[in-house]
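The values are calculated or read from the model by the stated rules, or taken from the named source; none is laboratory data. The structure displayed is predicted, hence computed values, not measured ones. All Cβ positions, even for glycine, are placed from backbone atoms using ideal geometry, and neighbour counts span all protein chains on display. Ligands, DNA and RNA are stripped out before the accessible areas are found, and what is left, the full protein with its side chains, is counted by its heavy atoms. Shrake-Rupley method; radii C 1.70, N 1.55, O 1.52, S 1.80 Å.
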Amino acid sequence: MFRSLLYVSLAFLTPLSADGQGAIIYGANPQAGHYVRVNDIRVYYEVYGSGRPLLLMHGNGGWINDLRNQIPEFAKYFKVIAVDSRAQGLSTDSDRELSFSLMASDMAQLLDSLSVDSAYVLGWSDGGIVGLELAFKYPRKVAKLVAVGANFLPDSTALPAGMIHEMETSSFARLDSATQRDIISHSHFPERAGLIYDKLNRLDLLHPHFTLEQLHSIKVPTLVMAGDHDIIIDTHTLNLFHALPDAQLCIMPGANHGFLLGKPAIANEIIKSFLLAPHGDMK
């Protein structure tokens, strides 16, 4: 859940950002970009660095560039595989409804296509939910998981009532014409932009639905992260942490849902420490 409904429209307008080392535009870098056929779509991904594979997944309505503050740093230590989720960024869409289970299947097939038996996984918001689905359904694919700002239910225990109401009452057809034009003009698939907008809205309105028993069955070492002013309700984040049998918890002080963008230096250090530490190393 990486937005209010306003974010869905703004995500298409995220400015292209080059890192300080040169003209790399993450998410639009043909030197690092590739497509692979998975399920009924083509997934776009970019690869940077070498070493243990690290799969990076953005939030709802986003794209690879949302993780621009993580890619160059993590590429020093890992083989970073940064992905546009289906119907977002440069990855294509199909007529199927979006679900986190389907998106996890996409990622499992992507890893298979790259001959990756097991990867570290970092997912932000909706990407974190996909990470939980991967760890639940394809546990051998996930060596460690970092779930940032992820929820395991779509109800008022997880999200503010106002956000749920906004999703319940929003649709592309109800947006003002200027916003509709912006979304269409900045989409890579303008003929499907309105349909995708509504599908992304329904995804977060209706999903996910993990039971505590299902979460408890996830044995993958997991770092649960959220901001202390996150859109995910703090008690929900705590419930997620307590339900996972091999979890660590980080609540970022003075931070909202977007701290991977707003506080990248400290967030990256915490994530690297978790991923690089021997399993079970708690000091």
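Computed quantities for the displayed model
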read-out: Near pairs, Cβ below 9 angstrom, 6+ apart or cross-chain, from the range 106-122 (farther than 14 Å from V47 by Cα and free of Cβ contacts under 8 Å to residues at least 40 places away in the same chain) to any residue that is surrounded by fewer than 23 Cβ atoms within 10 Å (Cβ to Cβ) and of a type in the set (F, W, Y); value: A108/Y138
read-out: Total residues in the range 175-192, condition touching a residue at least 12 places away in the same chain (Cβ under 8 Å), of a type in the set (A, V, I, L, M) and in a helix (DSSP H, G or I); value: 1
read-out: Residue that is modelled with the lowest pLDDT, among those in the range 140-174 that are out of contact with any Asp or Glu (no Cβ under 6 Å at 6 or more places or on another chain), assigned to a loop (DSSP other than H, G, I, E, B) and surrounded by 16 or more Cβ atoms within 10 Å (Cβ to Cβ); value: S170
read-out: Count of residues meeting criterion [in contact with an Asp or Glu (Cβ under 9 Å, 6 or more places away or on another chain) and polar (S, T, N, Q)] in the range 211-264; value: 3
read-out: Single match in L159, L98 (criterion: farther than 23 Å from L244 by Cα, under 18 Å from the mean Cα position of the chain (by Cα) and touching a residue at least 40 places away in the same chain (Cβ under 8 Å)); value: L98
read-out: D246 vs. criteria more than 22 Å from W63 (Cα to Cα), at pLDDT 95 or above, in contact with a Lys or Arg (Cβ under 9 Å, 6 or more places away or on another chain) and surrounded by fewer than 21 Cβ atoms within 10 Å (Cβ to Cβ); value: yes
read-out: Breaking point among (1) more than 22 Å from A87 (Cβ to Cβ); (2) free of Cβ contacts under 8 Å to residues at least 40 places away in the same chain, for F172; value: (1)
read-out: Qualifying positions in the range 191-210 - farther than 28 Å from G262 by Cα and open to solvent by 60 Å² or more (accessible area, probe 1.4 Å); value: E191, L195, L206, H209
read-out: Complete set of residues in the range 66-95 that are under 12 Å from the mean Cα position of the chain (by Cα) and within 19 Å of V36 (Cα to Cα); value: A82, V83, D84, S85, R86, Q88
